[in-house]
1. Test A62 against the stated conditions and say whether it is free of Cβ contacts under 8 Å to residues at least 40 places away in the same chain, open to solvent by 20 Å² or more (accessible area, probe 1.4 Å), under 22 Å from S17 (Cβ atoms) and out of contact with any strand residue (DSSP E or B) (no Cβ under 8 Å at 6 or more places or on another chain).
2. Show me the strands (runs of 3 or more DSSP E) entirely contained within the range 1-55 in which 2 or more residues are in contact with a strand residue (DSSP E or B) (Cβ under 7 Å, 6 or more places away or on another chain) and farther than 22 Å from Q118 by Cβ.
3. Being open to solvent by 40 Å² or more (accessible area, probe 1.4 Å), in a strand (DSSP E or B) and among the aromatic types (F, W, Y), is that true of even one residue in the range 85-98?
4. Just name the residue that is surrounded by the fewest Cβ atoms within 10 Å (Cβ to Cβ) out of those in the range 6-21 that are within 16 Å of A97 (Cα to Cα) and in contact with a Gly (Cβ under 6 Å, 6 or more places away or on another chain).
5. In the range 25-59, which residue that is modelled with pLDDT under 95 and among the hydrophobic types (A, V, I, L, M, F, W, C) is surrounded by the most Cβ atoms within 10 Å (Cβ to Cβ)?
6. Restricting the search to the range 73-92, which residues are in contact (Cβ under 8 Å) with a residue 60 or more places away in the chain and of a type outside the set (D, E)?
7. Among the residues of the range 108-123, is there at least one that is exposed (fewer than 12 other Cβ atoms within 10 Å of the Cβ), assigned to a strand (DSSP E or B) and modelled with pLDDT of 95 or more?
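The values are calculated or read from the model by the stated rules, or taken from the named source; none is laboratory data. The model shown is predicted, which means the values in this text are computed figures rather than measured ones. With ideal geometry, Cβ positions are generated from the backbone for all residues, glycine too; neighbour counts draw on all protein chains shown. Each accessible area value is taken on the protein alone, full model and side chains, heavy atoms only, with ligands, DNA and RNA left out. Shrake-Rupley method; radii C 1.70, N 1.55, O 1.52, S 1.80 Å.
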Amino acid sequence: QVQLVESGGGLVQTGGSLRLSCAASGRTFVDYALAWFRQRPGKVREFVSAINGGADSTYYAASVRGRFLISRNNAKSTVDLQMNSLKPEDTAVYYCAARSGSISVTVSDYDYWGQGTQVTVSS
């Protein structure tokens with residue numbers, strides 16, 4: 001069992017930055033790929049970014065590539081998402097997720113989820 005707790009959401013203006021953090025507890029952290037998903041109002045949950053256990057492979061959705069940066073600290077069992085150049089369409093609830101094994105972009109491949117943190121970008 002892995003428990004995930006997100007933090008760092010909030011309200012920011014267009015063009016601003018936010019840093020989301022996710023703290024994990026439970027099983028061996030390095031065995032898990034970690035990802036960020038988001039769910040915009042009225043939309044299905046969608047993939048944002050993921051990082052593998054060794055932190056040497058990352059993947060981004062096209063909509064955030066070049067603006068967002070995912071990182072993890074295996075010693076502290078945390079994964080962060082640095083979000084820059086934020087746009088109103090980035091407004092969503094952001095979720096941290098974990099799965100044993102390799103990176104996936106598919107919601108159903110992830111076994112563990114945090115409770116989500118709200119990010120609101122004002123225009």
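1. yes
2. 18-26, 32-39
3. no
4. Restricting to residues being within 16 Å of A97 (Cα to Cα) and in contact with a Gly (Cβ under 6 Å, 6 or more places away or on another chain), the top hit is S21.
5. The extreme case among them is F29.
6. Passing the criteria: L81, Q82, M83, N84, S85, L86, K87, P88.
7. Scanning the range 108-123, I find at least one residue that is exposed (fewer than 12 other Cβ atoms within 10 Å of the Cβ), assigned to a strand (DSSP E or B) and modelled with pLDDT of 95 or more, so the answer is yes.
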